[in-house]
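Below: one structure, written as structure tokens.
Just so it is clear, none of the values below were taken in a lab; they were calculated from the coordinates. Just so you know, these numbers come straight off a predicted model, no measurement behind them. When we count neighbours, we look across all protein chains shown, and the Cβ atoms used for this are built from the backbone with ideal geometry, even at glycine.
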């Protein structure tokens, strides 16, 4: 009888561990609805205005804003893209955040100039150089670009 009780206790312990693992993995695989989600880190969502999924995971970390309006941090401690920073810049509708996985440096430069110099048809204001630089950094992370551009120099040459 004693070995039966010990065996039952072991079985119940294993069952409890399996249930705990299942519960945690179920909550971490929550679906994205728009740009909000319930877990801390989520892999490869498609965030507006992008038309393709992110190359890196995204996370949600509270933002601070610099005096120039730039949100930070753009990445969380685990290296994931901070979805709150992406969303904050996406409201400015920067073209650089729509370019996809493999634009040329020339296409990125053209988008930066367009963003910095041209107001949208809906009368939204130009994007400041610091905000454009942050938008470029976010897009670079999101799409996995491997070139580095000097955004302020590009803007002053536009």
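General observations
- Residue ranges 58-65, 147-154 sort as 58-65, 147-154 when ordered by packing (mean number of other C-beta atoms within 10 Å per residue, highest first).
- Sorting 86-92, 98-104, 134-140, 76-82 by their mean Cβ neighbour count within 10 Å, with the most densely packed peptide first, gives 134-140, 86-92, 76-82, 98-104.
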